[in-house]
Amino acid sequence: MSALTLKLKHSLSQRLDMSPFTPAHLAGKKVGEIASIPLWLGNRRVDAAELFAIDGKVTDQIVIQSESDRLDGIGAGMTSGKIMIEGKAGAYLGCGMRDGTIQVSGNVGVAAGCAMQGGHLEIAGNAGDFLGGAITGERQGMRGGIIILKGDAGDRAGDLMRRGTILIGGNCGDYCVSRMVAGTMVVLGQCGEQAGMAMRRGTLILTRPPVSMPATFNDNGRHHLNFLTLLIQSFKDQPPFSNLAERGNQVHRWLGDLSCGGQGEILICY
Amino acid sequence: MLSKLTGGKLYDPANGINGDTRDIYIRDGKIVDPPADSEIVHRTYSLDGKIVMAGAIDMHTHIGGGKVNIARTMLPEDQRGSARPKTDLTRSGGGHAIPSTLAAGYRYAEMGYTSCFEPAVLPANARQAHMEMADTPMIDTGGYAMLGNDDLLLQLISEGAEQQTLNDYVAWTLHAAQCIGIKVVNPGGINAFKFNQRALDVDDSHPHYRITPRDIVRTLSRALSELGVPHPLHVHASNLGVPGNYLSTLATMEAAEGFPIHLTHIQFHSYGAEGDQKFSSCAAEIAEAVNNQSNISIDVGQVMFGQTVTISGDTMAQHANHNHAHPNKWTCMDIECDAGCGVVPFRYRDKNFVNALQWAIGLELFLMVDDPWRIFLTTDHPNGAPFTSYPHLIRLLMDRGFRNDLMGQIHPEASAATHLGSLEREYSLYEIAIMTRAAPARILGLSDRGHLAPGALADIAVYHQHENPERMFERPMLVFKQGEVVVEEGRITQPVKGATQVVRPEYDKRIEKLIERRFERYHSIGLHNFVISDDEMAEGIGSQVNIHACKGSRT
């Protein structure tokens, strides 16, 4: 029994809205019906079959094969099942997803996991800006679930994040966890300028100091934090994040951003 | 080309036609006399007993200007939540409480509306307001310029300037801002807010200029009357939303000293402070005052339950209400030191005592004011509810059983506190046609619309007869805009552009020297960049100007 497979036939001249392809939305449909689902390509509507070779059976799994970075909104609002992307994804991957799993083998565009409320988003490549951020104009970003990024993140990862976990294996751009309301983010690589800008609460765990922090962060000294043992234990199936356990639970703690209440923390593990 | 609408039942109160079956002939966008028998009729619409009315006119709806755009950007979820996809004919839009320009124009036309008026055009923001209205398809538009909180007017009044000088300034403002009327919002109160005053009743003195709202209302209503501007002063009275404010409203009526004034969204100004909750209905007192004073007209600003957003120039009232913001985000700001602006999203709940009573007070006013020529059907879109709720509101007015059923669902203490259940009045189609067509055209001085006599623009709405008025009014069978069919069965069939309606009272040009000096000293732009010319309207902004006549003095 093979999962439903959508293979992009040719490169795209415009951006394509993929939000209709969620397991819940396709459930109970025949392959023929899926072929005629209208999709917005730029400002035109085209049938799915014009763009994709569609194969396999409708299950709660969808496989998307694409080397284009223009497939936007894959898994947006998804509530169940699994989407596997063999190749790249565009902007707004898993935007507002509530449950289920998305796995991507390549790079993804901006605002991946934005406004995510639950579920599991795994990216093997790099991500664009605003990973786990907010929909433009909204006041809250990611509100639940977990994002696991093996590669590098762009600027402003975790912007306006409210709850949930983001694990970043590579480096992170500037303004990491800017305006964070709450939640947890781990970066194993190097963080850019002004990490924690306008952070209200929440935790950013790093393995080395960021390039810079706002002047409104205060040095809180070195601490042994036992909760780290528990937190890192919860990553035990997630190498390389599970390796953090080797560093023990001693951290250098910085508190900020004092311009916004100052209850956030940046923990640097040594 | 000559078209004929035959067999329709006409409701044309301006010409005293009440449900008679008559034919209408249209040529070159206008209604014409029946032609000679020899003439060929190119197109005949056989209407066979359908209801025919002039295109509806909304005389108070916030569809353009700075604060509307602030509300749109503040509520992206409102745009996302009700998207309107593009079709072959229409462009995409969105929004429920605060629709985009395109969505607003299309939806108005789909309900049979052909002209809409933005009541709060700040002269400093008039360019933006006209641009947004020009971008609103399907309907003719116009605006009321806001005065009464600008420092020049307040200073002139406080210095005891002659009425003639003030008249010239008012007339100049109408020209410069390309408007059809003048509105005053919380007279003097927005300005007093900037001097840290948090309330200003009708006879309270302004902390700096030492004049009262009463002085401002009297001066402006007199100015418009003497200039012959058809639309009386459009007044958003003092103390909006404050329990016990009906006294301020009655005092504002008195302040006009017999000059015509229009009190807008009066539902928000008809509150008493009786009862356990210190909030009660004074609709009866207000209705009695309106019934007894023929110089007064009102529109209701009916509240409907559900999510909306309140947008107002009344910084003082909006600042006082910001704790009720739902969702919890709001803004109040000053605009070019000329007036203010407050945007507070709000959800009216039927199980909330105050909201439920607000709903009942609006309906009480509709049913207790006798003369439908002086009361207009509005929700103060979007402050009381989005304009899309008009068909529902019409049903509430026309169907007592429906009204009483809904009364059973609201907060029980509110339904006990209102006389609504005992009011037996049901509006007729004729009265609805007065409130939504004939009367707004008359009070705005639009002789070319709101009626179906030869000479009028062929802006016509044709409705299916239906026992449920909500079904009837939400989906017209046909809508004509200047003789062209633009809507069929509630769907746009031909997108068109509207024009801007203005008045141009005469004034003494010497006033411009005084205004120019003030601009040079205090303003951020020069006078010549401030004034909007006809050329700019036509080319830059993209809306032709229709000039309506002013009357001789109406003393």
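The values are calculated or read from the model by the stated rules, or taken from the named source; none is laboratory data. Fair warning: this is a prediction, and the values are worked out from it, not measured in the lab. Quick reminder, even Gly has a Cβ in these numbers, built from the backbone with ideal geometry, and neighbours come from all protein chains shown.
Restricting attention to the range B:206-251, which residues are in contact with a Cys (Cβ under 9 Å, 6 or more places away or on another chain) and of a type in the set (V, I, T)? Selection gives B:V229, B:T249.
Take the residues of the range B:339-362 that are among the basic types (K, R) and in a loop (DSSP other than H, G, I, E, B): which is surrounded by the most Cβ atoms within 10 Å (Cβ to Cβ)? The selected residue is B:R349.
Would you be able to say whether some residue in the range B:462-481 is surrounded by fewer than 18 Cβ atoms within 10 Å (Cβ to Cβ), under 21 Å from B:K551 (Cβ atoms) and touching a residue at least 60 places away in the same chain (Cβ under 8 Å)? There is no residue in the range B:462-481 that is surrounded by fewer than 18 Cβ atoms within 10 Å (Cβ to Cβ), under 21 Å from B:K551 (Cβ atoms) and touching a residue at least 60 places away in the same chain (Cβ under 8 Å). Of everything listed in (1) under 28 Å from B:G450 (Cβ atoms); (2) among the polar types (S, T, N, Q); (3) surrounded by fewer than 16 Cβ atoms within 10 Å (Cβ to Cβ), the single unmet condition for B:S38 is (1). Could we say that A:G145 is free of Cβ contacts under 8 Å to residues at least 60 places away in the same chain, buried (at least 21 other Cβ atoms within 10 Å of the Cβ) and not in a strand (DSSP E or B) here? No. Residues in the range A:243-256: is at least one crowded, with 17+ Cβ neighbours inside 10 Å and of a type in the set (D, E, K, R)? No; the residues of the range A:243-256 include none that is crowded, with 17+ Cβ neighbours inside 10 Å and of a type in the set (D, E, K, R).
Pairing residues of the range A:40-56 that are within 12 Å of chain B (Cβ to nearest Cβ) and at positive phi with residues that are loosely packed, with under 15 Cβ neighbours inside 10 Å and not hydrophobic (A, V, I, L, M, F, W, C), at Cβ distances under 8 Å and at least 6 apart in sequence or on separate chains, gives A:G42/A:S13; A:G42/A:Q14.
Exactly one residue among A:S19, A:S66, A:S80 is among the hydroxyl-bearing types (S, T, Y) and within 14 Å of chain B (Cβ to nearest Cβ), and that residue is A:S19. For B:L365, the conditions (1) modelled with pLDDT of 95 or more; (2) hydrophobic (A, V, I, L, M, F, W, C); (3) farther than 19 Å from B:Y246 by Cβ; (4) crowded, with 24+ Cβ neighbours inside 10 Å all hold with the exception of (3). The condition (being crowded, with 23+ Cβ neighbours inside 10 Å, in contact with a Cys (Cβ under 6 Å, 6 or more places away or on another chain) and in contact (Cβ under 8 Å) with a residue 60 or more places away in the chain) is satisfied by just one residue among B:I98, B:I139: B:I139.
Quick one: would you say A:R179 is assigned by TED's automatic domain parsing to the domain that holds A:G151, part of a loop (DSSP other than H, G, I, E, B) and crowded, with 20+ Cβ neighbours inside 10 Å? Here the answer is yes, as A:R179 does meet what is asked.
Taken over the range A:112-141, the criterion of being out of contact with any Gly (no Cβ under 6 Å at 6 or more places or on another chain) and within 14 Å of another protein chain (Cβ to nearest Cβ) is satisfied by A:I135, A:T136, A:G137, A:E138, A:R139, A:Q140. Counting only helices (runs of 4 or more DSSP H) that fall entirely inside the range A:10-123 and contain at least 3 residues that are surrounded by fewer than 16 Cβ atoms within 10 Å (Cβ to Cβ) and under 20 Å from the mean Cα position of the chain (by Cα), no element qualifies.
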